[in-house]
Amino acid sequence: MCSAGMGVCVRRCGGVCGGNGVCVRRQKSSELVASPMDWQGQKLAEHLMQLPLVLFAVLAFITGYVLGSFQTMLLIYAAGVILTSLIMIPNWPFFNRHPLNWLDSSEAEKFPKPQPANLGTKKKTSKK
C-alpha cells in the first residue's frame, strides 16, 4: 500500500505509488529489453549478413550481365537485401549465447571508482 500523495511505496519495494494507491514496481533497465544481443552475437550477425549480401550481389551481377538487363540485376539484388533483412533483423536467441552480466547499482557502489594515474611532472633534462 502506498502512502497517500507521497509517491513513494511504504513497503520499500523499490516501486512508486500508482494512481489507485497500489505500489507499482519499477523495472530494471535489464528487464526492459527481452533478450539483448551480446557483442559476439553482433559480430556473428554482421558476418551472417555480409555473406548473403555478397552472394546476391554476385548472382545479380552475373544474371544482369548475361541477360543484358540492368533492371533484372537491381531486382535480384533488392530481393536479396529484403530477404537478408527479414532473416537477420529479428533478435534470434542464438545471438545471445554470451550475455553480459551487469552489476546492480547497489553492488557497484561497493567498489571504488578508478582514479586517474598520476604520471608525475618530471621534465627530461638534455645533456649539452
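Observations on the structure shown:
- Failed item in (1) of a type outside the set (A, V, I, L, M); (2) modelled with pLDDT of 75 or more; (3) outside any helix (DSSP H, G or I), with residue 12 passing the rest: (2)
- Residue within segment 66-77 that is outside any loop (DSSP other than H, G, I, E, B), within 27 Å of the chain's Cα centre (by Cα) and at pLDDT 95 or above present: no
- Meets criteria (modelled with pLDDT of 95 or more and touching a Gly at 6+ places or on another chain (Cβ under 6 Å)) for residue 61: no
- Residue 55 out of contact with any His (no Cβ under 9 Å at 6 or more places or on another chain), of a type in the set (A, V, I, L, M, F, W, C), surrounded by 12 or more Cβ atoms within 10 Å (Cβ to Cβ) and modelled with pLDDT of 90 or more: yes
- Within segment 35-50, residues that are of a type in the set (D, E, K, R) reach partners that are in a helix (DSSP H, G or I) and surrounded by 12 or more Cβ atoms within 10 Å (Cβ to Cβ) with beta carbons closer than 7 Å, at six or more positions or on different chains, in the pairs 38/96.
- Whichever residue in segment 78-111 is assigned to a helix (DSSP H, G or I) and in contact with a Ser or Thr (Cβ under 7 Å, 6 or more places away or on another chain) and, among such residues, is surrounded by the most Cβ atoms within 10 Å (Cβ to Cβ): 96
The values are calculated or read from the model by the stated rules, or taken from the named source; none is laboratory data. Keep in mind that what you see is a predicted model, and the values were worked out from it rather than measured. Methodologically, a virtual Cβ is constructed for each residue, glycine included, from the backbone with ideal geometry; neighbour enumeration extends over all protein chains shown.
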